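The values are calculated or read from the model by the stated rules, or taken from the named source; none is laboratory data. Only a predicted model underlies this, so the values are computations on that prediction, with no experimental measurement involved. In this analysis, Cβ positions are derived from the backbone assuming ideal geometry, glycine residues included, and neighbour counts consider all displayed protein chains.
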Amino acid sequence: MNAPADQPTRAEQQALSAPFLIEDQDVVRMIARVADERGTEMHEVTRLAIEDYAKRHDMAQRGPEWLERYWREHPMPLPTGLVADKRFYDSLNDEL
């Protein structure tokens, strides 16, 4: 049996309810130029760009091993609950 498809999110439902229109002519020209250079359609260029952006900005993605090790060896201190004295720190820079 086929599993039911995941329900679209609110943003996906909104996006699918109307066509996506790019009104910025410079952006459209950039997409068209890349599509011409690659010999592909504009919607494919847009899809690839969005996929690439999503991969690079995935917040669930772990850091490199050396950074993971550094984070383990140097954990952030626990919050103290104290409130910073903004006037004091501003006075250090003569910002009062």
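Within region 27-72, the residues that satisfy the criterion of being among the basic types (Lys, Arg) and exposed (fewer than 10 other Cβ atoms within 10 Å of the Cβ) are Lys55, Arg56, Arg62, Arg72. The residue pairs whose first member lies in region 1-19 and is of a type in the set (Gly, Ala, Ser), whose second member is assigned to a loop (DSSP other than H, G, I, E, B) and modelled with pLDDT of 70 or more, and whose beta carbons are closer than 9 Å, counting only pairs six or more residues apart or on different chains, are Ala15/Pro8.
Of the helices (runs of 4 or more DSSP H) lying entirely inside region 1-80, those containing at least 3 residues that are modelled with pLDDT of 90 or more are 25-38, 42-56, 65-73.
Looking only at region 81-96, filter to residues that are at pLDDT 85 or above and of a type in the set (A, V, I, L, M); which one of those is farthest from the chain's Cα centre (by Cα)? Applying the filter and picking the extreme gives Leu92.
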